[in-house]
Amino acid sequence: MSDHLEGGCLCGEIRYQITGEPFEVYHCHCTICRRAAAGAFITWVGVSTDDVNFIQGATKIYASSADGRRGFCPTCGAQISFVFESDPASIYFTAATLDDAEAVTPACHGFTGETVRWLHIDDGLPEHSGNLPSVDRKIARVTERGNERGAS
Ligand SMILES: [Zn+2]
Ligand SMILES: [Zn+2]
């Protein structure tokens, strides 16, 4: 991987840059991702928000659940980003909007309990029926720290 990744939406209004190493790259098959992307699944690239620059444009934010905010281009509708309400220090980008989508390598599948039946996974990567355990742990750690701060 080069020293940074760049990507953008279909119409070019939104451009972003990732300067740090992704902590997680995975396919999410959940029904919310499916509808949001209008595709069978979304491949997410998780990075620290410290390692991200929006070079151009601003995403429109949609709260797709109590714990999730999705960013998309207000002009062409391309889905760009996702942030867990409980983990605002991390942001996930859609690998499909990277200029070089092959610069990242997915490590596993999440929410395969919701995979559409006509999609057949045969890449041999680990499958999780729900959220990735690593992502769950990350959110739990952040929430715990938040609660501790709140209590003190
Ligand atoms: Zn656009
Ligand atoms: Zn999902």
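Readers should treat all values here as calculations from the given coordinates under stated rules, not as data from a laboratory. Since the model is a prediction, treat every value here as computed from it, not as a measurement. Here the Cβ positions follow ideal geometry from the backbone for every residue, glycine too, while neighbour counts run over all protein chains shown.
Side notes on the structure shown:
- Sorted from longest to shortest, the spans of the Cα atoms of the range 4-81 along the three principal axes equal 30, 29, 22 Å.
- Neighbours of GLY46, meaning other residues whose beta-carbon lies under 10 angstrom from its beta-carbon, give a summed charge of -1 when Lys and Arg score +1 and Asp and Glu score -1.
- Percent RCO, i.e. relative contact order, over the range 5-151, from Cα pairs under 8 Å lying at least 6 residues apart: 25 percent
- Remark: the range 1-112 carries a charge dipole of roughly 620 debye about the Cα centre, counting +1 on each Lys and Arg Cβ and -1 on each Asp and Glu Cβ.
- Mean ellipticity per residue at 222 nm, deg cm²/dmol - from DSSP H runs of n ≥ 4 across the chain, formula -39500 (n - 2.57): -5500 deg cm²/dmol
- Estimated distance in nm for a label pair at GLU21 and ARG141, the labels positioned 7 Å out from Cα along Cα-to-Cβ: 1.4 nm
- Tail weight of P(r) past 28 Å, computed on alpha-carbon pairs of the chain, percent: 18 percent
- Altogether, the Stokes-Einstein calculation at 37 °C and 0.692 mPa s, with the Kirkwood radius of the range 76-146 over Cα pairs as Rh, returns a diffusion coefficient of 229 µm²/s.
- Formal net charge of residues neighbouring ILE80 (Cβ-Cβ distance under 12 Å; K, R +1; D, E -1): +3
- Applying a DSSP loop filter and a limit of 12 other Cβ atoms within 10 Å to the GluC sites (Glu not before Pro) in the range 15-108 leaves nothing.
- Gain in span if fully extended, ASP123 to TYR62, counting 0.36 nm per residue against the direct Cα distance: 18.8 nm
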